[in-house]
Protein chains: 2
Amino acid sequence: MGDQKPILYSYYRSSCSWRVRTALNLKGIKYETRPVNLLKEEQDIPEYENLNPLKMVPTLIIDGQILTQSVAILEYLEETRPEPALLPKNPIDKAKVRAIVQSIVSDIQPVQNLRVLKHSGQGSNWGNHWITLGFRAIEKQFKETAGVYCFGDSITLADLCLVPQVYNANRFEVDLTEFPIIRRIEAQLNELQAFRDAHPSNQIDCPTDS
Amino acid sequence: MGDQKPILYSYYRSSCSWRVRTALNLKGIKYETRPVNLLKEEQDIPEYENLNPLKMVPTLIIDGQILTQSVAILEYLEETRPEPALLPKNPIDKAKVRAIVQSIVSDIQPVQNLRVLKHSGQGSNWGNHWITLGFRAIEKQFKETAGVYCFGDSITLADLCLVPQVYNANRFEVDLTEFPIIRRIEAQLNELQAFRDAHPSNQIDCPTDS
């Protein structure tokens, strides 16, 4: 296990790839990036589909296995590389972190993502609408859970999901003034090296003119 | 812990409530159902919002705590009531089950659900489109993972998520002929008492004329 350097199939601006990049960085796992250009629909190429029948990013090759779905990958990394911990120990606390994670990865991101937005025919209003609604929900969750970060004062999986979602909020020109906790947490996270290194602008497939 | 009977705030036809009902049944946890009528927007009533700021179902009150988000609840039940196990022991196998779970709970259900469907203005074509696409992905996952059930021959969290999704597929008149594995697994699951008891038609808030 773990003899070969893990390979991450990633797209620089994909929220789901970004979550996994941050986890790998926080846990100090060196990996190789293989870009999959979603704009060129490289996820549909048969060689990639053989790896990931979902035709989505990310795919992580690690421990001789092919893993898909960002949350499943995050949980796997947490279980096999438990330090530093990205979930609290107590089952109730863990459930609260996972509830924030699901609020982002189920209720916000999949609804505002590119393929759904395109199909809606409603342009960026569509993304703005769903992120605003979703942020109202998580801002309320944070009133109960937040310390320095989304859940208390340690970084958890919830933080890894929040940062890309705020980036998308900015792309869709969501008015963030009504979300002071979200803004504060995101600003703090973006100061950290592991988060900076995972940012789209620091990926090898980020266009130089963007 | 566990002295008071758990209370599940549930809507009979909600996929997310249904997943949790099935887990409670499989693990032999007796609970009280409190219906929240989504058609009457009872999830927006302040008393309910105080319990669940997300204004969604389900909410589970258990061990003196208020839990939200179905997947976070399923993981909590698995951790605190591990028998019968609904996740494999091996981390890789667990990641594969969680990948199926996420394919349903992130990539299909939230996109086809009522609030998003309404906002799309595209009626039931919207639901049909996203379930068909999503089922193509999970049918491919099942070619690798399925035995009697979604992952091998034991019931896992993936099965709990599949059954409500097939029910919705039927509501949106998705042509299931191209998904033989999904159809076979769902038919088998619906034979089991825990699944039958969790079915919408057996809920106290199911209208008698439906």
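The values are calculated or read from the model by the stated rules, or taken from the named source; none is laboratory data. The shown structure was predicted, so the numbers you read here are calculated from the model rather than taken from an experiment. Cβ placement follows ideal geometry from the backbone for every residue including glycine, while neighbour counts extend to all protein chains displayed. Just the protein is used for accessible areas: all its heavy atoms, side chains included, with ligands, DNA and RNA removed. Shrake-Rupley method; radii C 1.70, N 1.55, O 1.52, S 1.80 Å.
Say whether the condition of being more than 10 Å from every other protein chain (Cβ to nearest Cβ) and in a helix (DSSP H, G or I) is met by at least one residue in region A:75-90. Within region A:75-90, none of the residues are more than 10 Å from every other protein chain (Cβ to nearest Cβ) and in a helix (DSSP H, G or I).
Looking at region A:39-80 only, could you name the residues that are open to solvent by less than 10 Å² (accessible area, probe 1.4 Å) and touching a residue at least 60 places away in the same chain (Cβ under 8 Å)?
Step one: filter region A:39-80 for residues open to solvent by less than 10 Å² (accessible area, probe 1.4 Å), giving A:52, A:58-60, A:62, A:67, A:70, A:72-74, A:76-77.
Listed by number, the residues that qualify are A:I62, A:L74.
Looking at A:I131, A:I100, A:I138, just one residue is more than 7 Å from chain B (Cβ to nearest Cβ), closer than 15 Å to B:I73 by Cβ and buried (at least 20 other Cβ atoms within 10 Å of the Cβ), and that residue is A:I100.
If a residue counts only when it is in contact (Cβ under 8 Å) with a residue 12 or more places away in the chain, among the aliphatic types (A, V, I, L, M) and under 18 Å from B:V105 (Cβ atoms), which helices (runs of 4 or more DSSP H) contained entirely in region B:123-210 have at least 2 such residues? Before you say what the answer is, go through the steps one by one.
Numbers: elements: B:123-145, B:157-171, B:180-189, B:193-198.
The helices (runs of 4 or more DSSP H) meeting that bar are B:123-145, B:157-171, B:180-189.
Taken over region B:1-21, the criterion of being touching an Asp or Glu at 6+ places or on another chain (Cβ under 8 Å) and part of a helix (DSSP H, G or I) is satisfied by B:R21 alone.
Quick one: is A:L157 among the aliphatic types (A, V, I, L, M) and at pLDDT below 95? For A:L157, the condition - among the aliphatic types (A, V, I, L, M) and at pLDDT below 95 - is not met. Which one of the conditions (1) crowded, with 24+ Cβ neighbours inside 10 Å; (2) over 30 Å from B:T145 (Cα atoms); (3) among the small types (G, A, S) does B:G123 fail to meet, given that it meets all the rest? B:G123 satisfies all of (1) crowded, with 24+ Cβ neighbours inside 10 Å; (2) over 30 Å from B:T145 (Cα atoms); (3) among the small types (G, A, S) except (1). Summed over region A:27-37, residues that are open to solvent by less than 40 Å² (accessible area, probe 1.4 Å) and not in a loop (DSSP other than H, G, I, E, B) total 1. Among the residues of region B:142-162, is there at least one that is within 8 Å of chain A (Cβ to nearest Cβ) and surrounded by 18 or more Cβ atoms within 10 Å (Cβ to Cβ)? Checking region B:142-162: not a single residue is within 8 Å of chain A (Cβ to nearest Cβ) and surrounded by 18 or more Cβ atoms within 10 Å (Cβ to Cβ).
For A:L51, the conditions (1) over 30 Å from B:I62 (Cα atoms); (2) under 14 Å from the mean Cα position of the chain (by Cα); (3) aliphatic (A, V, I, L, M) all hold with the exception of (2).
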